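A.B. asks: Structure provided below as structure tokens; questions to follow.
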Amino acid sequence: MIQIMKANESHVEGVSNICIKGYWATYGETHSKEWIERVIREFYNHERILREVTEFNRDWGGYFVAVENGKVVGAAGGGMIDDEIGELFVIYLDPSRRNEGIGTELLNAVTKQQKAEYGATEQWVSVQKGNMKGIPFYQAKGFKFQFEKVTEENPTYIKLRHCRKI
Ligand SMILES: CC(C)(COP(=O)(O)OP(=O)(O)OC[C@H]1O[C@@H](n2cnc3c(N)ncnc32)[C@H](O)[C@@H]1OP(=O)(O)O)[C@@H](O)C(=O)NCCC(=O)NCCS
């Protein structure tokens, strides 16, 4: 049975593994090895995730994890970006566990937190152009494409900003 819960120190290794595995599975074919390794070093290292599961607030609500037999199979987290506007910052699954409804449960947990604790009425997400493992999921959840965003740091990878009412 899969349980969705707020992540704590005991989940740090599992969250890190899922994000690294998920990032490679999602972007391995479209992004350079150097870019992927840089993102992984910066965002999915032990110290950073330990901080992210122990220090949370309105801007970063902490990670939620999907746990099966003590093993993390999915992770997601978000935060508030304006008075009533939340954002899903990250969501990854064990690549062999897609399309079982786990992503829906993780998104629901983040959404519930943003609505109940922080009064969100709207939710945003960025998805990279061409990420066909992510875009159909967000569309199925009612997110609508708003605009493209190109970051100065890497103009090759375009972000598609989506939002929905919650
Ligand atoms: C995106 C992701 C978290 C979704 O989680 P999931 O557990 O696979 O999704 P679910 O099984 O809960 O599916 C939810 C809905 O999305 C739809 N969906 C999901 N992926 C889809 C796809 N590739 N094509 C069509 N529909 C899809 C399902 O049909 C389902 O629709 P329904 O709720 O109307 O029945 C997961 O697929 C994933 O890890 N993808 C790779 C990583 C990624 O792209 N992360 C996002 C980075 S921005």
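A.B. asks: If packing is taken as the average number of other Cβ atoms within 10 Å across a peptide's residues, how do 21-32, 99-110, 136-147 rank, most packed first? Before the final figure, lay out each step's value.
C.D. replies: Details: 21-32: 15.8, 99-110: 17.6, 136-147: 14.1.
In decreasing order of mean packing, 21-32, 99-110, 136-147 become 99-110, 21-32, 136-147.
A.B. asks: Just the number, please: carbon plus sulfur as a percent of the accessible area of region 2-121, 1.4 Å probe, no ligands or DNA/RNA counted.
C.D. replies: Using a 1.4 Å probe with all protein chains present, region 2-121 comes out at 47 percent carbon and sulfur.
A.B. asks: At q = 0.13, 0.15 Å⁻¹, what is the base-10 log of I(q)/I(0) for the chain according to the Debye formula with one equal point scatterer per Cα and no solvent? Please give it to two decimals.
C.D. replies: Here the Debye-derived log intensity ratios amount to -0.60, -0.83.
A.B. asks: Shifting gears a bit: Determine the order of Met1, Met132, Met80 by accessible area, beginning with the largest, at a probe radius of 1.4 Å.
C.D. replies: Output order, biggest surface exposure first: Met1, Met132, Met80.
A.B. asks: Would you check the accessible area of Arg51, probe 1.4 Å, heavy atoms only, in square angstrom rounded to 10?
C.D. replies: Here the accessible area works out near 120 Å².
A.B. asks: Apply 1/(1 + (r/R0)^6) to the Cβ-Cβ distance of Asn17 and Gln128, taking R0 = 22 Å, and write down the FRET efficiency to the nearest 0.05.
C.D. replies: Efficiency for this residue pair is about 0.55.
A.B. asks: Mind running the shape call on region 1-48? Use the C-alpha gyration tensor, a ≥ b ≥ c as the square roots of the eigenvalues: rounded below 1.5 for a/c, prolate if a/b tops b/c, oblate otherwise.
C.D. replies: Numbers: a/c = 3.99, a/b = 1.69, b/c = 2.36.
Because a/c hits 1.5 or more and a/b fails to exceed b/c, region 1-48 counts as oblate.
A.B. asks: Nearest 500 deg cm²/dmol is fine: what mean residue ellipticity at 222 nm does the chain get from its DSSP H runs of n ≥ 4 alone, each adding -39,500 (n - 2.57), divided by its residue count?
C.D. replies: Estimated from H runs of four or more residues: -11000 deg cm²/dmol.
A.B. asks: Roughly how many Å² is the accessible area per residue of the chain, as a whole number, for a 1.4 Å probe?
C.D. replies: 54 Å²
A.B. asks: Let me confirm the definition first: pairs of Lys residues in the chain, 8 or more apart or on different chains, C-alpha distance under 17 Å. How many are there?
C.D. replies: 20
A.B. asks: By how many nm would the segment from Ala25 to Glu105 lengthen if fully extended, with 0.36 nm per residue of separation less the alpha-carbon distance?
C.D. replies: 26.7 nm
A.B. asks: Using the Cα atoms of region 35-92 to build a convex hull, what is its mean projected area in square nanometres? Working shown, then result.
C.D. replies: On the way: hull surface 19.1 nm².
Projected area, direction-averaged: 4.8 nm².
The values are calculated or read from the model by the stated rules, or taken from the named source; none is laboratory data. Here the structure is a predicted model, which is why all the values come from computation and not from measurement. Glycine gets a Cβ as well: all are built from the backbone with ideal geometry, and neighbour counts include every protein chain shown. We work out accessible area using only protein heavy atoms, side chains counted, and drop any ligands, DNA or RNA first. Shrake-Rupley method; radii C 1.70, N 1.55, O 1.52, S 1.80 Å.
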